Amino acid sequence: MEIVYVYTKKREEFGRQCNFADRVAESLVDIPVDDTLKDQFIVRNPCESAIQCAPEMSEHEVNTERFETMSRGINHVEGGWPKDVNAAEVEQTLRYRKKVEKDEVYIQAIQQLGSVMEHTIKQNNAVDIYEEYFDDVIEDGCVEPPSAKTINVFRDPNEIKRTATNISWYPDNAQKLAVAYSVLEFQRSSPGMCMDSYIWDVESPNKPDMALKPISPLVCIEYNPKDPHCLVGGQYNGQLAFWDTRKGSQPIEVSAISASHSDPLYKVIFLTSKTGTECFTTSTDGQVLWWDIRKMAEPTETLILDITKKGKPTLGGISLEYESTMPTKFMVGTEQGTILSCNRKAKSPADRIVASFSGHYGPVYALQRNPFFPKNFLTVGDWTARVWSEDLRDSSIMWTKFHNSYLTDGCWSPVRPAVFFTSRMDGCLDVWDYMFKQNDPTLSLQVCDEALNCLRIQEGGSLMACGSHSGNVTLLELSESLSQQQRNEKASLTQIFERETKREKILESRYREMKLKERAKSQQEEKNPEDDEENPEELVAEAEKNFWFTVEQEKAGIEKKEREAEK
């Protein structure tokens, strides 16, 4: 059977009709003969020409416009009621429910569904779909090599690029992060530079979720851990500003300029309190100020960073550290390279500075206690990162090698006690894992080709945000080996910290003995200059011998305890 399909189309849809007509031929172009071209003619015999069988193709690149997305919310209300019943009136809804419950059709439907529901419940109780069959099996730890991958990059939307000076994660989850933008170089800011800072949604890097509009560029920013809608920011002019994201981009309240810092406000931290509204700040003007964001006309307390106890600022604050388990204690990292341990509830203002630790040749840009071992804290400054113990003030117990580029920031991992991170001026992010190796970083990642200025890790330990000099914030996802605690990691790190602390104590005591001996010798030489001097190499060898003897004794004791526990 032949299948025929006829296409029909109206004549008017073909366009204008073509009309043809006869006309007399005429010459349009006349090219006269040129005899000079004849002399230039060259006979080419044979004539060869190369051809390509494959079609010629060219590659072109085009950058399309960025597609901007925007999140919208919708409010669902209770529905399904008849038009004559107002769902907001309790009496009307109760009356309608009683009417429906007395209906015979409703009763029959419930009785029929009851048997089906009973069968389903019994079937569900018979098999536990959430049962863990291998819950008692102990994992040997993740064998995946340490790595990190870039998820998103949040770029400063302004034409004049600024430095991302500080980052703060949203308290409830890893959904948002607030970034403070500023130009910290003195007198380098342009007249038309934007002063806004932004809150970004981690899944929407094209457009900021919200803009914060301060009076002066923000140097630091911090979310309130008890109220995720509230956050405070330290400004370049020294003032402290407070925002409520539910009330818009403008600050709710700003501290008085006369009662604020006279230098840029470099760090702000919320305190653990009943109200959740107290915080404290520091600046290079040599002051630590305590604030209540409900009333920011003046600070509630003031501390002058003066180790000479003369009442005048001698040190400038750059970084702060506060541990909620020790509410009266806090630490301050200074631009002179000194770390101050302070007590807020001291008997007198002069006694608030309890101890000082000296070990850096430049400003201490990062200062943080280990989340699992609060007596040990990390500092980042000059070309090294150092781990300290509160029991030793003269020297750190562990430190990294001196890098070729300056270190800018650092922090501990919130889930792995032996892991910390450092950022460098050459754009590298270093991950240090003391369970793997101590002399070199476990992972070095080239995040960008410019300086990394700040970094902040999320509470879950799997996401890391790094801010660069031109305002780009790179969001990294860490591998499971860096975001999950390993077996016996805490106990092993305890032994490492105790061993290094004892080693430093032995060396410190031996150093003091050597100084006393040298002082006694110098006095004796003044009386009897003919006596021979003691060899310092022998003193060092003797100190090492005593140290390793102590270590072997402790190892033997630990092995003995383990054998007794096995029996």
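The values are calculated or read from the model by the stated rules, or taken from the named source; none is laboratory data. These figures come from a predicted structure and were not determined experimentally. In this analysis, Cβ positions are derived from the backbone assuming ideal geometry, glycine residues included, and neighbour counts consider all displayed protein chains. Remember, those area values only see protein heavy atoms, side chains included, never the ligands or the DNA or RNA. Shrake-Rupley method; radii C 1.70, N 1.55, O 1.52, S 1.80 Å.
In a simple Cβ point-charge model (Lys, Arg +1; Asp, Glu -1; nothing else charged), the chain has a dipole of about 2380 debye relative to its Cα centre.
Counting charges near Gly248 (Lys, Arg +1; Asp, Glu -1) among other residues having Cβ under 15 Å from its Cβ returns a value of -1. Projected label points at Lys207 and Gln250, each 7 Å from Cα along the beta carbon direction, are separated by 2.3 nanometres. Separation of the stretch 338-357 and the stretch 453-476, taken as the distance between their Cα centroids, equals 32 angstrom.
How much accessible area per residue does the stretch 6-65 have, in Å², with a 1.4 Å probe?
Numbers: 7740 Å² over 60 residues.
Each residue of the stretch 6-65 exposes 129 Å² on average to a 1.4 Å probe.
Taking a Cβ cut-off of under 14 Å around Tyr361, the surrounding Lys, Arg, Asp and Glu residues balance to a net charge of -1, with basic ones at +1 and acidic ones at -1.
My understanding is that a pair violates if its Cα-Cα distance is over 20 Å; which of Lys247/Lys267; Lys437/Lys490; Lys176/Lys226; Lys274/Lys345; Lys329/Lys375; Lys226/Lys347 do that in this structure?
Numbers: Lys247/Lys267 24 Å; Lys437/Lys490 16 Å; Lys176/Lys226 16 Å; Lys274/Lys345 17 Å; Lys329/Lys375 12 Å; Lys226/Lys347 30 Å.
Long pairs (Cα-Cα over 20 Å): Lys247/Lys267; Lys226/Lys347.
Report the extension gain between Cys47 and Tyr406 in nm, rounded to one decimal, defined as 0.36 nm multiplied by the number of residues separating them, less their alpha carbon distance. Walk me through the numbers before you get to the answer.
Numbers: separation 359, 0.36 × 359 = 129.24 nm, distance 6.91 nm.
The span from Cys47 to Tyr406 would gain 122.3 nm if fully extended.
Taking every C-alpha pair closer than 8 Å and separated by at least 6 residues, the mean separation divided by the residue count of the chain gives a relative contact order of 9 percent. Between the listed residues Gly467, Ser389, Gly427, the Cα displaced farthest toward the positive end of the dipole of the stretch 384-523, a dipole computed from Cβ unit charges relative to the Cα centre, is found at Ser389.
In the full protein context, the stretch 451-517 carries 46 Å² of accessible surface per residue, based on a 1.4 Å probe and ignoring ligands, DNA and RNA.
Which residue, Gly80, Thr120, Ser58, has the largest displacement toward the positive end of the dipole of the chain when charges sit on each Cβ (Lys, Arg +1; Asp, Glu -1)? Comparing the listed Cα positions along the dipole, Gly80 ranks first.
Close amide H pairs (under 5 Å, H built 1.01 Å from N) link Cys220 with Gly234, residues at least 5 positions away or on another chain.
Which order, highest average first, do 40-49, 449-458, 464-473 follow once you tally other Cβ atoms within 10 Å for each residue and take the mean per peptide? Don't skip to the answer; put the middle values down first.
Values: 40-49: 5.2, 449-458: 20.0, 464-473: 23.3.
Sorting 40-49, 449-458, 464-473 by mean packing, highest first, produces 464-473, 449-458, 40-49.
Karplus-derived 3J(HN,Hα) values for the stretch 292-302, using 6.51 cos²θ - 1.76 cosθ + 1.60 with θ = phi - 60°, are 10, 5, 6, 8, 10, 5, 8, x, 6, 9, 9 Hz; glycine and proline are entered as x.
Remark: the Asn75-Arg499 segment gains 146.7 nm on full extension, using 0.36 nm per residue and subtracting the alpha carbon distance. From the alpha carbon centroid of the stretch 197-265 to that of the stretch 62-94 is 32 Å. Taking Lys and Arg as +1 and Asp and Glu as -1, the other residues whose beta-carbon sits under 11 Å from that of Ile269 total -3.
Shown for the stretch 418-560: the carbon plus sulfur share of the solvent-accessible area, taken with all protein chains present and a 1.4 angstrom probe, equals 47%.
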